[in-house]
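Note sheet for the following structure.
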Amino acid sequence: MGSPLYAELLRAAARDAESDGPVATLFALPEIASLSLPGIRLMAAMHYCALDGTSPSLAAHLPSTGGDGNAEGAWAAARELFEKEPARAIALLRRTPQTNEVARALPLWAGLLELSALMHLPMRVFEIGSSAGLNLRLDRFRYVGLRWAWGDPASRVVLNNRTLSGRPRHLDAPLSLTERRGCDVRPLDPHDRDDCLELLSFVWADQTDRVTRLRAAIELARENPADVDSADAVTWIRDRVHPLGGSVCVLMHSVTMEHMSKEARAALETTIVACAQRSKRTAPFAWLRMEYGGTAYETRLATYPGGRDEMLATSDGHAQGLRWFNRR
Ligand SMILES: C[S@@+](CC[C@H](N)C(=O)[O-])C[C@H]1O[C@@H](n2cnc3c(N)ncnc32)[C@H](O)[C@@H]1O
């Protein structure tokens, strides 16, 4: 997945597991053996110790902390850490993988422009599965493509439209967010040092563009408050998300449904339909989402009343390789 360093480190970890090294000892523990995504957890545990400054020998080899990217050196430091500090390694391995991928703001922002061009109304944006809520600030980012740009040239966060075909439309449509709010079952706080290190630790340590962008989005979030409630999506939508006159109520999410059980997804869809049914021409509702569609991640926009559902773009899970639909 675009990380030569992690490919090397995971090969070394696999060899270590096969030769009864510290990785084998850790993954023999019942509370660790049963966990999903062992590779991601192992790399994130290692990355965290470099980011928080407790392992300078590791930091010296990881590009995200200014290191030389030497896989052999990084693995030696990581192995020593797992061997000498098993309690710490266990605590770090038990964290549920958490990401807040800022690049996903690009297709979502394009969806809001479509909506603005369609409805000519200000928007109240509600995001489920917000994580740290970084993408709730998507109108404060700068977006740049071939011969076009949108947003504050001085924005800390710049997203490049690395597209396979097409481009976003309606760049002149006004974007006015009068309310923005999110929820997550385990929200992370951009003001909390540990939460930020946790988010950063789940980015591959040699993908320095992503690390830099995430750091910038955290700074931007600190300067532009938006609440993220600690709540399950279904209950939260029932309590909080109601179409109101004079604005369009937007329910937004990205890469969240695949983290829910089949039953939870069905309950979510029923709740969204109920919300859409309460919409009126004077109080419309929109459902904007980027989720896995079977062969690619699809960004879709449905509008109510009416229920017109349009595919806006496909991409990979990090919103790279975008293909825009019906684009000029
Ligand atoms: C892969 S992350 C995506 C975060 C963010 N939407 C993004 O695209 O960067 C999925 C998020 O969904 C949250 N989540 C999973 N199930 C949820 C639920 N039932 N209600 C609210 N949030 C949920 C997780 O805690 C996690 O933060």
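Structural remarks
- DSSP beta bridge pairing in the chain, given as percent antiparallel to the nearest 5: 45 percent
- Residues Thr212 and Thr282, FRET efficiency given R0 of 41 Å [Cβ-Cβ distance, rounded to 0.05]: 0.40
- The distance separating the Cα centre of the range 105-133 from that of the range 297-328 comes to 12 Å.
- Taken along its three principal axes, the alpha carbon spread of the chain comes to 65, 44, 37 Å, from the longest extent down to the shortest.
- Cβ crowding within 10 Å averaged over residues, with 77-85, 199-207 ranked highest first: 199-207, 77-85
- The Leu244 and Leu29 beta-carbon pair, evaluated with R₀ = 51 Å, returns a calculated FRET efficiency of approximately 0.50.
- Label-zone membership for the range 44-76, site Arg186, 7 angstrom Cα→C-beta point, backbone N under 13 Å: 45
- The phi-based Karplus calculation (6.51 cos²θ - 1.76 cosθ + 1.60; θ = phi - 60°) puts the 3J(HN,Hα) values of the range 196-204 at 5, 5, 4, 4, 5, 5, 8, 8, 4 Hz, whole numbers, x for Gly and Pro.
- Rg and Dmax, both from the Cα atoms of the range 73-135 and both in Å, are 20.5, 60.
- Helical mean residue ellipticity (222 nm; -39500 (n - 2.57) per DSSP H run of 4+; nearest 500) of the chain: -12000 deg cm²/dmol
- Distance between modelled label sites at Glu269 and Ser19, nm, 7 Å Cα→Cβ extension: 5.0 nm
- Pairwise centroid distance, computed over Cα atoms, of the range 138-192 with the range 35-81, Å: 31 Å
- Counting only Cβ charges, +1 for Lys and Arg and -1 for Asp and Glu, the dipole size of the chain around its Cα centre is about 1420 debye.
- Pairs of Cα atoms in the range 1-82 fall into 5 Å distance bins, from 0 up to the last occupied one, in shares of 3, 15, 27, 26, 17, 9, 2, 0 percent.
- On the beta carbon distance between Ala7 and Lys262, with R0 = 41 Å, the FRET formula returns roughly 0.80.
Only the coordinates and a few stated rules stand behind these numbers; no lab work does. Since the structure is predicted, the reported quantities are computational estimates derived from the model, not experimental observations. Positions of Cβ are backbone-derived with ideal geometry, glycine not excepted, and every protein chain shown enters the neighbour counts.
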